1. 222 nm [θ] for the chain, helices only, -39500 (n - 2.57) per DSSP H run of 4+, per residue, to 500?
2. Give me the dipole magnitude in Debye, nearest 20, for the chain about the Cα centre, with unit charges on the beta carbon: positive for Lys and Arg, negative for Asp and Glu.
3. Could you work out what % of the accessible surface of the chain is carbon and sulfur, using a 1.4 angstrom probe and leaving DNA, RNA and ligands out of the count?
4. Mind listing the phi-derived Karplus ³J(HN,Hα) values for the stretch 28-34, rounded to whole Hz, using 6.51, -1.76 and 1.60 with θ = phi - 60°, and x for any glycine or proline?
5. Between [x] 3, 19, 31, 30, 13, 3, 0; [y] 3, 17, 24, 27, 17, 7, 3, 2, 1, 0; [z] 3, 16, 28, 24, 18, 9, 2, which matches P(r) over Cα pairs in 5 Å bins from 0, in percent calculated for the structure shown?
6. How long is the gain from Q21 to S67 if the chain were fully straight, where each residue apart is worth 0.36 nm and the alpha carbon distance is subtracted?
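The values are calculated or read from the model by the stated rules, or taken from the named source; none is laboratory data. As the structure is a computational prediction, the values presented were derived from the model and not from experiment. Cβ placement follows ideal geometry from the backbone for every residue including glycine, while neighbour counts extend to all protein chains displayed. Please note that ligands, DNA and RNA were not included when accessible areas were found on the heavy atoms of the full protein model with its side chains. Shrake-Rupley method; radii C 1.70, N 1.55, O 1.52, S 1.80 Å.
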Amino acid sequence: MIPKLQRVIVFHRANSPVTQQSMAVARLAARQLGVELLERPVSSVDDLHARLKALRPREADAIFYVSDA
């Protein structure tokens, strides 16, 4: 793992049932690992691009990918 990992950002489609299930697992894992999960719902590819561009330096230590397929 990453020794100094504290904040993990997750971009996901909030209206996807598959994503909701994956996010529940991610929340549980984050609690067990003692890391903060920064959830960022997105509604389109353009929305994702905008949110990625808006990330501030050191806002998160890692990005976690959640598939909705």
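1. Numbers: 2 runs with 26 residues, N = 69.
Roughly -12000 deg cm²/dmol at 222 nm, from the helical runs in the chain.
2. Numbers: 10 positive and 7 negative charges, 45 e Å.
That gives the chain a dipole magnitude of about 220 debye.
3. Values: 2880 of 5080 Å².
The C+S portion of the solvent-accessible surface of the chain is 57 percent.
4. 4, 4, 4, 4, 5, 8, x
5. [z]
6. Numbers: separation 46, 0.36 × 46 = 16.56 nm, distance 1.04 nm.
Computed gain between Q21 and S67 is 15.5 nm.
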